[in-house]
């Protein structure tokens with residue numbers, strides 16, 4: 001029962017996300033999901049704690065199942081929007097194209113422009129007089145990623161030439 | 001016995017998570033092989049399969065329903081741990097947006113047109129690699145000069161379309 005409850009609440013969070021994504025709100029898609037997830041996750045935590053007790057196996061497991069499904073959904077939904085592989089698959093969905101035609105549709109400059117727009121919308125970059133610079137939040141994120149890259153052994157040069 | 005069984009499962013699993021992460025940090029992180037996507041994916045995938053099998057078998061041997069419930073929770077905890085690790089690892093290794101962010105960080109203030117020129121080449125290279133990778137996975141096929149989705153490719157594409165319907169993002173790419 002706890003498993004079904006957990007999956008049910010996760011589906012509710014996804015439905016709430018779909019609704020929030022159609023409203024005019026000052027949040028990114030990820031922010032909207034975190035908002036929906038926080039509300040629905042809190043409701044799930046309250047329900048399972050009431051039903052099974054705080055320190056019980058079903059409470060612990062229900063929250064972990066909800067957490068995993070939420071992370072998986074967030075990963076897949078950001079992948080669908082921003083991944084190059086996903087864009088290739090979506091572009092070829094209803095038609096077959098040559099590599100040259102695909103290159104025209106998904107050219108590198110357009111990909112950079114889209115990412116700049118997203119980083120501007122997320123408040124990580126700011127633009128003035130056709131120049132972009134990092135905001136405070138962007139600097140914090142950039143610094144953290146530099147540390148993470150150093151920790152994982154991904155050098156900046158190797159990163160720029162990464163072939164994922 | 002039941003209490004020992006459940007707390008034993010949690011204790012051993014916690015120790016295992018620490019060990020799995022510790023082996024990466026202290027032994028594998030510096031190896032050049034550990035910088036390949038395939039290696040890091042297998043390191044987590046194989047561990048997750050072995051861990052899940054062992055923890056579920058151990059729980060069924062406990063004969064108490066709460067042991068199995070705990071085991072299922074631990075399997076999902078592994079899912080959260082591995083997915084978080086792999087997401088951060090791949091973002092640090094190859095994210096286009098992070099590359100862009102770090103380029104601006106190095107330059108301080110960069111003209112948008114220059115950024116577009118400089119990073120477009122990386123995007124083109126990534127696109128070629130992804131097309132080859134998708135073909136390798138059997139999601140794309142070549143018919144003469146043209147690229148076409150295979151049946152599994154159409155299925156994945158349909159799934160992506162559903163996700164886009166939910167998130168309603170406007171332009172993708």
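The numbers here are math on the coordinates, done by the rules we state, and not lab data. Here the structure is a predicted model, which means the values were calculated and not measured. All Cβ positions, even for glycine, are placed from backbone atoms using ideal geometry, and neighbour counts span all protein chains on display.
Summary table below
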read-out: Chain A: translational diffusion in µm²/s, Stokes-Einstein, Kirkwood Rh over Cα pairs, 10 °C, 1.306 mPa s; value: 83
read-out: Helical mean residue ellipticity (222 nm; -39500 (n - 2.57) per DSSP H run of 4+; nearest 500) of chain A; value: -24000 deg cm²/dmol
read-out: Degrees between helix B:2-23 axis and first principal axis of chain B (Cα, 0 to 90, nearest 10); value: 40
read-out: Most to least packed among A:56-64, A:95-103, A:118-126 [average Cβ atoms within 10 Å]; value: A:56-64, A:118-126, A:95-103
read-out: Inter-label distance for residue A:105 and residue A:46, nm, one decimal - labels placed 7 Å from Cα along Cα-to-Cβ; value: 4.7
read-out: FRET efficiency, residue B:129 to residue B:64 (Cβ-Cβ, R0 56 Å, nearest 0.05); value: 0.65
read-out: Ratio Rg/Rh, restricted to the protein assembly as shown and using Cα atoms, in which Rh is the Kirkwood radius; value: 1.00
read-out: Label-to-label distance, nm, for residues given as residue A:75 and residue B:158 (7 Å Cα→Cβ offset); value: 2.4
read-out: Listed residues B:36, B:82, B:157, most fluctuating in chain B (Gaussian network, C-alpha, under 10 Å); value: B:157
read-out: Prolate/oblate/rounded label for the stretch B:61-143 (Cα gyration tensor, a/c 1.5); value: oblate
read-out: Descending principal axes extents, the stretch B:2-93, alpha-carbon based, whole Å; value: 44, 20, 16
read-out: Shape category assigned to the stretch A:97-160 from the gyration tensor of Cα positions, a/c cut at 1.5; value: oblate
read-out: Residue with peak Gaussian network fluctuation, chain A [Cα springs, cutoff 10 Å], from A:14, A:116, A:88; value: A:88
read-out: For chain A, built as a Gaussian network whose Cα springs stay under 10 Å, the top-fluctuating residue of A:37, A:107, A:94; value: A:94
read-out: Acute angle (nearest 10 degrees) that the helix B:96-107 long axis makes with the longest principal axis of chain B, alpha-carbon atoms; value: 70
read-out: Label zone at residue A:1 (point 7 Å along Cα-to-Cβ), backbone N below 13 Å, the stretch B:41-67; value: none
read-out: Alpha-carbon Rg with Dmax, taken over the stretch B:26-173, Å; value: 21.0, 66
read-out: Helix B:37-61 axis, angle to chain B major axis (alpha carbon atoms, nearest 10°); value: 20
read-out: Additional length obtainable on full extension of the chain from residue B:26 to residue B:53, 0.36 nm per residue less Cα span; value: 7.1 nm
